[in-house]
Amino acid sequence: MIFTSLLETAWHALTTHRMRSFLTMLGMVIGVAAVILMLAIGQGAQVMVRGAIESMGSNLFIIMSGAVSSGGARVATGDAPSLTFDDADAIRELPDIVASAPVSPGGAQLIYGGVNWNTSVYGTTPDYAVVRNWSMASGSFFSDADVRRGARVAVIGAVVARELFGDEDPVGKIIRIKQAPFEVIGVLASKGQSLDGRDQDDTVLVPISSAQQKIFSNTLRNRARFIMVQAVSEKRMAAAETAINDLLRSRHRIGVGQDDDFTVRNLTALAETAASTTRIMSLLLGAIAAISLVVGGIGIMNIMLVSVTERTREIGIRMAIGARRRDVLWQFLIEALTLSLIGCGIGLLLGIGGAWLVGRLAGLPVAVTAASVLLAVGVSFLIGVFFGFYPARRAAGLDPIDALRSQ
Amino acid sequence: MAKPAAPLIEVVDLEKDYPTGAGVFQALRGVSLSIAEGEFVAIMGASGSGKSTFMNLLGCLDRPTRGSYHLDGQDVSRLSSDQLAALRNREIGFVFQGFNLLPKLTALDNVALPLMYAGMGREARRRQAQAMLERVGLGERSHHTPLQLSGGQQQRVAIARALATRPRIIFADEPTGNLDSETSRQVMGFFSQLNREEGITLVLVTHEADIAAYARRRIRFQDGRVIEDVAQAELAA
Ligand SMILES: Nc1ncnc2c1ncn2[C@@H]1O[C@H](COP(=O)(O)OP(=O)(O)OP(=O)(O)O)[C@@H](O)[C@H]1O
Ligand SMILES: [Mg+2]
């Protein structure tokens, strides 16, 4: 029997029971639409997370003052951070380290003209721009000389620039940070959201010396709340971590068996965890959607079984006039396949439309990938074959005379 | 007859058992006969005497419990189900009491169906089906579905379908059972003509003597056995 005849027969059978065919397909439609939508959302989330990770900078450590012991956070003696600027400099000299920036964070109110804005202020060194891989939208970053001099210069994030200056060019303007005047010498390029959902552009960077003297009025000079460190490569991160630990323990004179007064965290590894969490989440979404696809397949099998029972006499007639078992098998298999593939087609359209809508409404960078479309089509095909085969085999296995006798 | 041809149909000690609640029921208890090509045979007998059972065996729709069946010299019991399907498709046409047309298909598509299973392309089979419908006088009704046709018309569609692949044998189980006497005469006239003019072998089951009278040989069944097998000449005598 010719293939086109099979298609014709299947098409005829499906169109004579339109309502039933439609309802049978509905399961597949919903399943495929759900798979496409969920994969698109998952993909969007991954794109977002990857963006955040890239904006964080690569091969990063953060070394925090005070240690986390089994009892919880133990802060170093008094409230003084245990890490010093000299620690940061010493770390930079280690073999696998590219840059090392001490950071003193805090919050402050900024004033420019009549506008004020509350934001986070980071006192740091030029290495911070290296570590964070942060380029300038305009102007320049402050220099080591600025840090040594305690210069009152500031580099502002894109959000701060927009809020304080609007369309004006901030470079060269004087802003007040906690009343102290600072000259804006650069505007940072926009980075968007960080992994923990903060807006990285809502920030001001100043030399760490100036921050401690003029903004935080810190009495403990030369001490940093944390140090951000970049290693040469991901491969060298483990070695670098050990070297940092050894260096700091010896610099801080921590004896064997004593607890560290600092904590080294591999931010890149944390980010990888976040990325893989997102990946798992999107896989989970896809898997849940795939279950509905399987349920849709079972729906097809169910209706095909009913249809085989109902059409037993038709099968008998077809066999009497010369249909071979495999002709009958193919007839029902193609019917199931046609149902699942048409359902898949409609589901694709719905899923892509839905993904577009979600992207528009939620502002998520949803992405319907060719891979997810191929996956949906492939799975639908397999479901059609898998769930169509059993009813089809049943039909083909009928005895001609028994089938003819059935009412 | 010039030369005694090998019989087209030859059955020896054919038996058919049906399993029932209380053991087996012997529907055929040893039937031996042969039918030559071009014969027109009527099978008669009381209800339950095994006529349909016998026809289903001859038509290769069912397999005998014991005994042999040679069709055109070929041992049917050795054929696979696919080979039997091909045999039914090419060599055999069926006409049933209940017509057995597919209700959702048009007359044309019903007639074209065996051609589809013979592997013929869509256009060719539609053309041939149309020609067959014209032969049975239903050229105008080819796009009607069975429900839109009278019983006699439906049976003629069924005959056109049986003829579609140009088989050598037609098995008809009470083909006029559901038809009035006038329509029955038409259908029988058509059968006789097929037999006379094209030499198609015809085996038909009937309860009615006037229908059986169209045949040139009459076989009577009783309790799964042949109790009478007479040629027309003797009938006339
Ligand atoms: N599938 C079956 N299972 C069990 N018994 C059967 C089956 N088919 C037929 N029989 C029995 O076999 C016997 C012969 O049946 P068959 O249909 O051949 O009779 P028939 O001569 O065609 O009768 P009718 O003239 O009523 O059509 C009957 O007694 C019937 O009950
Ligand atoms: Mg009968």
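Taken together, B:Arg220, B:Arg166 contain a single residue that is closer than 25 Å to B:Pro7 by Cα, open to solvent by 70 Å² or more (accessible area, probe 1.4 Å) and within 14 Å of chain A (Cβ to nearest Cβ), which is B:Arg166. Evaluate the following for A:Arg74: is it open to solvent by 40 Å² or more (accessible area, probe 1.4 Å) and at pLDDT below 85? In short, yes.
Candidates in the stretch B:88-111 are the residues that are charged (D, E, K, R) and facing chain A (nearest Cβ under 9 Å); of these, the one that is nearest to B:Ala129 (Cα to Cα) is B:Asp109.
Any residue at all in the stretch B:200-210 that's more than 16 Å from ligand 1 (Cβ to nearest atom), open to solvent by less than 70 Å² (accessible area, probe 1.4 Å) and either among the polar types (S, T, N, Q) or within 14 Å of another protein chain (Cβ to nearest Cβ) (or both)? Outline the logic, then answer.
Narrowing the stretch B:200-210 to residues more than 16 Å from ligand 1 (Cβ to nearest atom): B:200-202, B:210.
Next, from what is left, pick out any that are open to solvent by less than 70 Å² (accessible area, probe 1.4 Å): B:200-202.
Filter once more, keeping what is either among the polar types (S, T, N, Q) or within 14 Å of another protein chain (Cβ to nearest Cβ) (or both): B:201.
Scanning the stretch B:200-210 turns up at least one residue that is more than 16 Å from ligand 1 (Cβ to nearest atom), open to solvent by less than 70 Å² (accessible area, probe 1.4 Å) and either among the polar types (S, T, N, Q) or within 14 Å of another protein chain (Cβ to nearest Cβ) (or both).
Which of the strands (runs of 3 or more DSSP E) found entirely inside the stretch A:101-174 contain at least 2 residues meeting this: over 31 Å from the mean Cα position of the chain (by Cα)? By residue number, A:115-124, A:153-156. The set of residues in the stretch A:313-339 being at the interface with chain B (Cβ under 8 Å from one of its Cβ atoms), free of Cβ contacts under 8 Å to residues at least 60 places away in the same chain and assigned to a helix (DSSP H, G or I) consists of A:Glu314, A:Arg318. Against the test of being small (Gly, Ala, Ser) and within 16 Å of ligand 1 (Cβ to nearest atom), the options A:Ser372, A:Ser340, A:Ser406 yield a single qualifying residue, A:Ser406. Within the stretch A:1-19, the set of residues being more than 10 Å from chain B (Cβ to nearest Cβ) and farther than 17 Å from A:Arg326 by Cβ comprises A:Trp11, A:Leu14, A:Arg18, A:Met19. Scanning the stretch B:65-78 turns up no residue that is within 14 Å of chain A (Cβ to nearest Cβ), acidic (Asp, Glu) and either within 9 Å of ligand 1 (Cβ to nearest atom) or more than 21 Å from B:Leu204 (Cα to Cα) (or both). Return a yes/no flag: does the stretch A:357-370 have any residue that is surrounded by 18 or more Cβ atoms within 10 Å (Cβ to Cβ) and in contact with a Ser or Thr (Cβ under 7 Å, 6 or more places away or on another chain). For the stretch A:357-370, residues surrounded by 18 or more Cβ atoms within 10 Å (Cβ to Cβ) and in contact with a Ser or Thr (Cβ under 7 Å, 6 or more places away or on another chain): absent.
I'm trying to understand the selection: among the residues of the stretch B:180-237, which are within 16 Å of ligand 2 (Cβ to nearest atom) and small (Gly, Ala, Ser)? Selection gives B:Ala212, B:Gly224. The conditions of being within 14 Å of chain A (Cβ to nearest Cβ), open to solvent by less than 10 Å² (accessible area, probe 1.4 Å), over 24 Å from B:Lys104 (Cβ atoms) and under 13 Å from the mean Cα position of the chain (by Cα) are not met by B:Phe191.
Specify which of the listed residues (A:Ala320, A:Ala289) is surrounded by 22 or more Cβ atoms within 10 Å (Cβ to Cβ) and touching a Lys or Arg at 6+ places or on another chain (Cβ under 8 Å). Walk me through it before giving the result.
Working: A:Ala289 fails: touching a Lys or Arg at 6+ places or on another chain (Cβ under 8 Å).
One residue alone meets the criteria, A:Ala320.
Highlighted here are the helices (runs of 4 or more DSSP H) found entirely within the stretch B:20-134 that include at least 2 residues which are open to solvent by 20 Å² or more (accessible area, probe 1.4 Å) and within 16 Å of ligand 2 (Cβ to nearest atom): B:51-58.
The values are calculated or read from the model by the stated rules, or taken from the named source; none is laboratory data. Predicted model, so just to flag it, every value in this text is computed and none were measured. Ideal geometry is used to build each Cβ from the backbone, glycine not excepted, and the neighbour counts take in all protein chains shown. For the accessible areas, the whole protein counts, side chains as well, though only heavy atoms, and no ligand, DNA or RNA atoms are used. Shrake-Rupley method; radii C 1.70, N 1.55, O 1.52, S 1.80 Å.
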